[in-house]
1. For residue B:34, which of the numbered conditions (1) farther than 25 Å from residue B:174 by Cα; (2) touching a Cys at 6+ places or on another chain (Cβ under 9 Å) fails to hold?
2. Is it the case that residue A:164 is part of a helix (DSSP H, G or I), modelled with pLDDT of 90 or more and touching a Leu at 6+ places or on another chain (Cβ under 9 Å)?
3. Would you point out which residue out of B:49, B:26, B:55 is within 25 Å of the chain's Cα centre (by Cα) and within 14 Å of chain C (Cβ to nearest Cβ)?
4. Out of the residues in the range A:240-261 that are among the β-branched types (Val, Ile, Thr) and surrounded by 24 or more Cβ atoms within 10 Å (Cβ to Cβ), which is nearest to the chain's Cα centre (by Cα)?
5. Going through the range C:186-210 one residue at a time, which ones are surrounded by fewer than 23 Cβ atoms within 10 Å (Cβ to Cβ) and either assigned to a loop (DSSP other than H, G, I, E, B) or free of Cβ contacts under 8 Å to residues at least 24 places away in the same chain (or both)?
6. Mind checking which residues of the range C:169-185 are of a type in the set (A, V, I, L, M) and assigned to a helix (DSSP H, G or I)?
7. Return the residues of the range A:136-157 that are exposed (fewer than 14 other Cβ atoms within 10 Å of the Cβ) and within 14 Å of another protein chain (Cβ to nearest Cβ); say none if nothing qualifies.
8. Quick check, is residue C:12 among the hydrophobic types (A, V, I, L, M, F, W, C) and without any contact (Cβ under 8 Å) to a residue 40 or more places away in the chain?
Amino acid sequence: MQDRSLSYLLLVPAFLIVLATTLYPLAYSFVTAFREWDLTKQRRPGDFVGLDNFGYAFSEPGFQNSLWVTTIFVLTSVALTLVIAMSLALLLRRKGRMHTFTRVILILPFAMSPALIGVSYRFMFNPEFGVIAKGLGAIFPALAGVPWLASPDLAMGILVLTDVWHWAPYMTFMCLGGLASVPRETEEAARIDGASSLRIIFGIVLPQMKGVLLVIAVLKTIFALKMFDQVVTLTGGGPGTSTETLAFFIFNVGFKWYDMGYASALAWILTAIMMLISIWYVRMLLSERKMATA
Amino acid sequence: MAEVQLVDVEKRYGEFLAVPKQSLTIEEGEFLVLLGPSGCGKTTTMRMIAGLEDITAGDLMIAGERANDKPPKDRDIAMVFQNYGLYPHMTVAENIGYPLKLRGMDRKSRDARVLETAQKVELDALLKRRPSELSGGQRQRVALARAIVRTPKIFLMDEPLSNLDAKLRVTMRAELKHLHHELGVTTVYVTHDQMEAMTLASRVAVMREGRIVQLDTPKKIYSEPADLFVAGFIGSPSMNLVEGRITGGRFEAPGVSLPVTAADRDGVVMGVRPEDLQLTTDGSAAVSGKLYALELTGDSTLVTLRDRTTSICARGPADFEAPIDAPCSLAPKPGVRIHLFDKTSGQRIDG
Amino acid sequence: MSKSVLWWVERALLLLISSIVLFPILWMFLTAFKRPRDAYSLSLDFSPTLSNFVTVFSDPWNLGDMVLNSVIVASVTVLIAVPCASLAAYSFSRFRVKGRKFLFFLILSTQFIPAVVIVLPFFLMFRTLGLLDTRIALIVVNLAIVTPFVIWMIKGFIDAIPTDSEEAALIDGASRLRVIRDIVLPMAAPGILTSSIFCFILTWNEFLFALILTRRDAVTLPVGLVSFRTERGDLWELMSAAGVMITVPIFIMALLIQKHFTRGMTAGAVK
């Protein structure tokens, strides 16, 4: 039928865009990953060097450090986002004027530029005139004079904080969407049967949210792996290399050292990690769905 | 107006056979109802006629022309959907006028025609409203008006009344019937409601699992169901069906014994409609048992009797009263039909 | 009695949440209107001034150029991505033909590719083509991120529209293209608008591409922030003024489509 040819025709413009802007560069960087190409020395791509770029990565402390930093960052930010988003959603799902107001406020962090979030937290944690640094010092004398962003652990903590501030509200909305699809009747039945509120949340609501929470966890993992903007504007990777995430490290290799071959190889390692997580995610989701329909 | 023919038409979704190969002729000007439980293939059959589903095999002929590959817009049909399928962003007038607009009719004659049609279905006061501001019944009328605003060759109606409340359904049913009489356009109507089928149809096609099991006038479908499925599906309350055997010219089952005109055999299902039974005081009546339930329906009382595995319902007079568990007897009214079916095949076995 | 305690606890929690969310934003807005010496004190007692805005819009910062760059890059990206994505989304949503699932998965999976992977080859290509530091370069790269996302989002919206009206129009005599124009587009308009705004926000806030691909001429607002880090130290009051310029248009858009916004966030993901 004519619908068939039309259905393909409608896909053409979007597919061309994706082809040109994603698939082609992907292939290009894949090839580059197997070449030697130091942009400070040569204008054109150099010789093929096989797996050298990949091999180099695993013997180089900079990469190992960034892997470690990324793992810490991803684990803490995903866990915190998940717990906070779910708690906020449980708190916000009731009707009420203040609930509605808070929901509206929660739209703002996601709309805010991550680079700007990094900048403003850097300002607020400045030990000399930052409002949070000074404020905490005034309330808790023990915290006065803490070097915040100059301390490796605290810098990581603040980096996680900016990321959670940015994403937890968005994920709250996803949780609220999930909660809306949990039938109220089961909860009401449990309440009539005499279950306490906490019991209802842990015994009835959360188990039904498993699928949604899984989706959120994986999406957040992917976003955390990609996180870049705040590293630049908040910590610059420092102090030292303590907040150099993988994405930031690749950026440095490519655009500070101009080692294109190595940067491409690293970029593909990051892609591979994300792909593995995505596949695992689809699998989990499918089995979850099977259980839900069974 | 046109005749519609389905010749060896079949519909598959991949491996799944939705409508097995079969033929059906819808005569010019007739009101054909496709009746069956949900998932029986009646809507699929209609959507194939409309051109909303591809036909896997066979030919669809509309007015003698093969229409398989014609897009819906070239089939000259009009359709009323279960959920009305109104255009929510257009006013009532724009909704009704849209088919005319697509045919390039100029604004002035379009407006006149829309008004005329709207009057026919009593919508003329609501022309400026949007569908979201209308009640269910009014939306239904808009859908109807949009279908009749041009004179198509065929009307298709997919459960058009099922979203209305019971009272409105009865009114709209009468209006539909009158409209068909007035316009005389060939109509195919899909429903799972046997009452609608009986009242509206010139012929009813009862469908089950994709197959048409009986195609006949409502009268014939009621008085001579072709098999157990049709027998149980048509009539309210439904026909009493009792398993038993025929010996010595009598049908025998627990609590039941009545004379029939069929050869002796086992594995028989006897069917008798509740309205064909009457209460009797005769001790040697055809049906006897204990009174199980009494349900007053207004003009009559439904009397249910039980004896071991047998449960039989009869329509008695409205003033009938008796204590539960009292012994009770029923007999067929003189001259009524006793239906007999084969237990395994379900087919009718009497003449 | 205990109920009213709980009631107050709940209100207090909500207030706390709102404050945590609002505080950094408010502080930035306040700083933007402070004179430099007030910016470095925590005092709330200051006389507001617009001088920071005057400074950032004049030499050497020229924030106006960056605003223009950001507006052009984000608008053109939306204008290209949304129409193409809408057509594709309709096709994915309504037609069931072989290979479609694979294609949709392919397009979606590009969302999982880190932006660094895409920007490396683009940097090299644009260098060869002499397109570094141009708006065109930014638009092209932004399309890579935004298009699949918008397809996914609009598909969610179209999936939620019942097909009845479309089928009715087909039978009323409309061709498929006419159905898309007369019926689908008006019905999907709120969803398409929401997706457009999402797309605008993503592009407007985009940082990595702009940081790598621009130097001077095509710098966008988020990257412009970094230029307020000078040898004299960070110029917080100017950064805040620039921050207000980045934030205000986006906040207005987000609040305008507030209801659809939250629906758009959850579209598809939860299903």
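The values are calculated or read from the model by the stated rules, or taken from the named source; none is laboratory data. Just so we're clear, the structure is a prediction, and the values are computed from it rather than from any experiment. Glycine gets a Cβ as well: all are built from the backbone with ideal geometry, and neighbour counts include every protein chain shown.
1. (1)
2. Details: part of a helix (DSSP H, G or I): yes; modelled with pLDDT of 90 or more: yes; touching a Leu at 6+ places or on another chain (Cβ under 9 Å): yes.
In short, yes.
3. Details: B:26 fails: within 14 Å of chain C (Cβ to nearest Cβ); B:55 fails: within 14 Å of chain C (Cβ to nearest Cβ).
Just one listed residue meets the conditions, B:49.
4. Narrowing the range A:240-261 to residues among the β-branched types (Val, Ile, Thr): A:241, A:243, A:245, A:250, A:253.
Among the residues that remain, those that are also surrounded by 24 or more Cβ atoms within 10 Å (Cβ to Cβ) are: A:243, A:245, A:250, A:253.
Details: A:243: 15, A:245: 12, A:250: 17, A:253: 21 Å.
Across the range A:240-261, the extreme among qualifying residues is A:245.
5. C:186, C:189
6. So in the range C:169-185, the residues of a type in the set (A, V, I, L, M) come out as C:169-171, C:174, C:177, C:179-180, C:183-185.
Within the range C:169-185, C:169, C:170, C:171, C:177, C:179, C:180, C:183, C:184, C:185 meet the criteria.
7. A:138, A:139, A:144 - these are the residues of the range A:136-157 that are exposed (fewer than 14 other Cβ atoms within 10 Å of the Cβ) and within 14 Å of another protein chain (Cβ to nearest Cβ).
8. Considered against the rule, which asks whether it is among the hydrophobic types (A, V, I, L, M, F, W, C) and without any contact (Cβ under 8 Å) to a residue 40 or more places away in the chain, residue C:12 comes out as yes.
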